[in-house]
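Have a look at the structure below, then the notes.
Each value in this text was obtained by applying a stated rule to the coordinates, not by laboratory testing. Bear in mind that the values here come from a model prediction, so they are computed numbers and not experimental data. Please note: Cβ atoms are built from the backbone with ideal geometry, for glycine as well, and neighbour counts cover all protein chains shown.
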Number of protein chains: 2
Amino acid sequence: MLNHQWQLAARPKGHIQVSDFNWTTQELPSLEEGQVLIRNIYLSLDPANRGWIAEGGSYMAPVELGTVMPGICIGVVEDSRNEKFPQGTLVQAMIGWQEYMISDGRGLTAVPRIPGVPLEAFFTVLGHIGLTAYFGLLEIGQPKPGETICVSGAAGAVGSLVGQIGKLKGCRVVGIAGSDEKCQWLTETLGFDAAVNYKTENVRSALKAACPKGIDVIFENVGGAILDAELSLINQNARIALCGLISQYNAKELVPGPYMFGNILVKRARVEGFIVSDFIPRAMEAIPELAQWFLAGKLHYKVDIVEGLDQAPVAINKLFDGSNEGKLIVRISPEPAA
Amino acid sequence: MLNHQWQLAARPKGHIQVSDFNWTTQELPSLEEGQVLIRNIYLSLDPANRGWIAEGGSYMAPVELGTVMPGICIGVVEDSRNEKFPQGTLVQAMIGWQEYMISDGRGLTAVPRIPGVPLEAFFTVLGHIGLTAYFGLLEIGQPKPGETICVSGAAGAVGSLVGQIGKLKGCRVVGIAGSDEKCQWLTETLGFDAAVNYKTENVRSALKAACPKGIDVIFENVGGAILDAELSLINQNARIALCGLISQYNAKELVPGPYMFGNILVKRARVEGFIVSDFIPRAMEAIPELAQWFLAGKLHYKVDIVEGLDQAPVAINKLFDGSNEGKLIVRISPEPAA
């Protein structure tokens, strides 16, 4: 039985190129006792992936050249010699950019079938994206009812949930996104109080108008000029939850930090970086509330599904040019019948 | 009776010039019921003063042109019609850059005479400087025994206390200062584990050698390239207590934030600005411990006393070129006999 996988061939300079990967074929061995064969169904593409393959790495040592590109996936156990994961079990795991994986069960999380919950929800509201939004906003941002939250990358997978959770917690929520359509979705469907189109508006003036009482919490996904506009409007004791800096992930040279850095001092603000993996042990503090909101129709999301594993190296760039419409997912093979 | 005072004449462009102030003379009225006449003895010059007169202000509205330049001072009550502050009482107050002040008692803090404690100690270890070091390091920096603390502006009034408190709390302490003499004072007199001369050494390599286990707490007084060198060496969950950014207070244009800003995200670090005035209500949590350490000979400081109020506009620049040797104080008039 054959497996196809994308192996990292070169560290990208700037934007990711297809030539940074090799499309390879392997013959899969037969299963040993304790192992399972997983067919990959969905691959999550996330901004953090860019850091994993950067020179020097980011959170962890960089992915080695000549190995499979990692990625969070949902798959199905097609063959099993492990009683914990019988055939037909849906699992979430770091399968990576490949069609199949043989696993001894470590690092697999069973995904439950819940009526009314599509599988893709485990990549958004009920997965790493939901936990990022939940813990980043509530634990790091510490918003209080009536405060103003500003979210950059607001139409993205994380940002759109952050804003909705902020509204559920009684805050004023202002989002920054890259098109009028996205801004309209934020205010009309998701209930944001205001949205700023950073491609057509002067971000600082538009934000100032949208945040008449200043900004108490920034949920930052972008960095650069957008972060500067936000920082210029922070209130005393503001909290900045630093989730991502997508504007600089493809930079070929060192990028300066925010010009308004001094305002962190003057306003006695707190900037705190966080990573969802640090909160995984506490996932069950969040999942019940997220699930309850989702099943009650209070949390919306969009998915942008790209067909075919062969498209992964091209599709990932949609995250960086902002052309994705919702959570970016590659469909590698069909979902099994429920 | 005549008073002389320095009034702000212009907002400095870059470094402070004598011409930014006017030397003026006033006839003092006689005291009304409830008032006291205070003769100014010592004026504290602090980096934060620069922000008070900047366009747009910093923590507060900027000092108005044509008014006395503010400053923290110690004076003595020479005449009193207020029973709370009888003649001879030593007081700390925002007297400013002038010889005398008439006060109704609001904003005055009586300074006790303690055997073995010179008056100037109330500008260092037992005053706003000591509280800045104590709360900034312990509350914002949250150092744990065995962790590595890096202090910039380490030979300054605040930095030198921060390092000594860090040692008393069982940490490894590394300081950054601007001369070999200062570095020698840090390691030989104050007990710092290592010191880096930023004017003669490559700060990043020297810091890396001095912090073999990385940096857990940064106490930042400087900013710019020094902060970047420190940020490049932070450990996971590092805390950065942002006390000052003296390298940019005289900048005529916006200065970029740290190029290593992204490391705050990757290392899940926390950057928090703070201002000692926010901790004044909690001063009595700190003063007993600071006094105990000081009287036991465990906290050393230096003072750099400039003679004469006329020198204030020149002397303040010593803070920015690093030529001050210890806490910068202007002696305006003689201390009364104890």
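Here are the numbers:
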item: Estimated FRET transfer efficiency when R0 is 56 angstrom, pair A:Lys13-B:Glu335 (beta carbons, to 0.05); result: 0.25
item: Cβ-based charge dipole, chain A, positive-most Cα from A:Leu245, A:Gly170, A:Ala54; result: A:Gly170
item: Diffusion constant of the range A:1-143 at 37 °C, which comes from Stokes-Einstein with the Kirkwood Cα-pair radius and 0.692 mPa s, µm²/s; result: 197 µm²/s
item: Calculated label separations, A:Asp180, copies of the chain, 7 Å along the beta-carbon direction, nm; result: 6.8
item: Inter-probe distance in nm under a simple model that places probes 7 Å from Cα toward Cβ, at A:Asp321 and B:Lys252; result: 4.2 nm
item: Cα gyration tensor of the range A:106-154 - equivalent ellipsoid semi-axes, whole Å, descending; result: 28, 13, 10
item: Across the identical copies, how the B:Ile305 labels are spaced - nm, sorted shortest first, 7 Å along Cα→Cβ; result: 8.0
item: Length gained when the stretch A:Ile280-A:Glu64 is fully extended (0.36 nm per residue, less Cα-Cα span); result: 75.3 nm
item: Cα gyration tensor of the range A:288-338 - equivalent ellipsoid semi-axes, whole Å, descending; result: 25, 17, 7
item: The range B:145-255 - Rg (one decimal) and Dmax (whole number), Cα, Å; result: 12.8, 41
item: Under 12 Å, Cβ to Cβ, from A:Ala229 - net charge with Lys/Arg +1 and Asp/Glu -1; result: -2
item: Rg(Cα)/(2.2 N^0.38 Å) for the range A:197-338, N = residue count; result: 1.28
item: Distances in nm from A:Thr25 to the matching label points in the other copies, shortest first (labels 7 Å along Cα to Cβ); result: 10.0
item: Percentage of interatomic Cα-Cα distances in the range B:18-69 larger than 18 Å; result: 52 percent
item: By average C-beta atoms within 10 angstrom, highest first, the peptides A:138-149, A:104-115, B:123-134; result: B:123-134, A:138-149, A:104-115
item: Percent breakdown of C-alpha pair distances by 10 Å bin, ordered from the shortest bin, for chain B; result: 6, 25, 33, 23, 10, 3, 0
item: Peptides B:227-238, A:180-191 ordered by average Cβ neighbours within 10 Å, highest first; result: B:227-238, A:180-191
item: Mean projected area (nm²) of the alpha-carbon convex hull when the protein assembly as shown is viewed from all directions; result: 33.5 nm²
item: Residue of B:Phe85, B:Phe279, B:Phe261 that the Gaussian network model of chain B assigns the largest fluctuation, springs spanning Cα pairs under 10 Å; result: B:Phe261
item: Contact order relative to length of the range A:157-216, as percent, for alpha carbon pairs under 8 angstrom and 6 or more apart; result: 29 percent
item: Residue pairs, from the table B:Lys213/B:Lys267; B:Lys182/B:Lys318; B:Lys298/B:Lys327; B:Lys182/B:Lys327; A:Lys144/A:Lys327; A:Lys169/B:Lys267, whose Cα atoms sit over 19 Å apart; result: A:Lys144/A:Lys327; A:Lys169/B:Lys267
